[in-house]
1. Pull out all pairs, ordered by first then second residue, where Cβ-Cβ is under 8 Å, the residues are six or more apart or on different chains, the first lies in the stretch 113-125 and is at pLDDT 95 or above, and the second is of a type in the set (Lys, Arg) and in a strand (DSSP E or B).
2. Restricting attention to the stretch 74-102, report how many residues are among the hydroxyl-bearing types (Ser, Thr, Tyr) and on the phi > 0 side of the Ramachandran plot.
3. Residue by residue through the stretch 89-108, note down the ones that are part of a strand (DSSP E or B) and touching a Phe, Trp or Tyr at 6+ places or on another chain (Cβ under 9 Å).
4. Take the residues in the stretch 112-167 that are of a type in the set (S, T, N, Q) and more than 17 Å from the chain's Cα centre (by Cα), then tell me which one is surrounded by the fewest Cβ atoms within 10 Å (Cβ to Cβ).
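The values are calculated or read from the model by the stated rules, or taken from the named source; none is laboratory data. Since we're looking at a predicted model, the values are computed, not measured. Reconstructed Cβ throughout: ideal geometry from the backbone, glycine too, with neighbour counts over all protein chains shown.
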Amino acid sequence: MKTSLRLPSSRLAALAAAMLLAACGLPVLPPSDAPISDEVLASPSSAGKRLRPMPWRPLDVRTDCRFRDEAGYVTRITLDVAQSKVKTFNADVDIPRRGSCSFHGPFAQTREKPSVQLRAPDGCTVDIFEQGKAVTVGFANCAARCSRGAFDYLWPIIVDRSNGQCH
């Protein structure tokens, strides 16, 4: 026995209208090959609204702090960035039951904007970027600077720009 699904034409028209309206509500994205201005970054506004341009500003942050969380994760960082130029960067992170990571030179600065980037000859990359009142220090390809397996558990370091505290 052969069955077929047949919608009445009024339901079919309603379904087509609903699909057409749903398609009209989708945001229009710029082409992926559109050039991005070096002076303007996209900053999300409240949900559902368009992105507003945010002017780039030089990064300024200075800290020499030590932080220990309740799980025993210990961070020590010395960071001095003025006008997006890194003057000092050193960090040590102890990861409970996993080992430690050490980020002491040599690092060369490879980028100033839109975020600051440092790169070491061993391929370790450190990205330093602003997120509101905080500055995030993230690490990529740095397993050689950590004891075996510790890099998989390394978190970014967050620095409060207003008071220099880290966590």
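1. Matching pairs, first to second residue: GLN117/ARG111; THR125/ARG119.
2. Selection size over the stretch 74-102: 1.
3. Scanning the stretch 89-108 gives PHE89, ASN90, ALA91, ASP92, VAL93, ASP94, ILE95, GLY99, CYS101, PHE103.
4. Per the stated criteria, the residue is SER162.
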